[in-house]
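Presented below is the structure to which this report refers.
Taken together, the values in this text are just the output of simple stated rules run on the coordinates, not laboratory data. As the structure is a prediction and not an experimental result, all values here were calculated from the model.
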Amino acid sequence: MAVYNKAGGAAVLQCSLTQWFSNVVQGMTIFDPKALYEQHAGRWVLLAVAVQNNPKNSLHLLSVSSTANPLGPWRN
């Protein structure tokens, strides 16, 4: 997961999906992220899938920004 300035250059925020969703799940493989900006609500939305082999388990993970700024707080 990374956020870049529109002007280019280095990432201004960077972390793994495991770190991003660490307050929700541990010990699962997180993959297939999709990020989009919902213009009517003025929020960023991040979706991902998490799986675990033993015991078999799978989840859809959802994260939504609190504001239109992707560097601000998010809710998982």
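Taking the alpha carbon gyration tensor of the range 1-44, multiplying each eigenvalue by 5 and rooting it gives semi-axes of 22, 16, 9 Å, largest first. Shown here: the chain, whose C-alpha atoms stretch 44, 29, 19 Å along the first, second and third principal axes, sorted largest to smallest. In a fully extended conformation the segment linking TYR37 and TYR4 would gain 10.4 nm over its present Cα-Cα distance, using 0.36 nm per residue.
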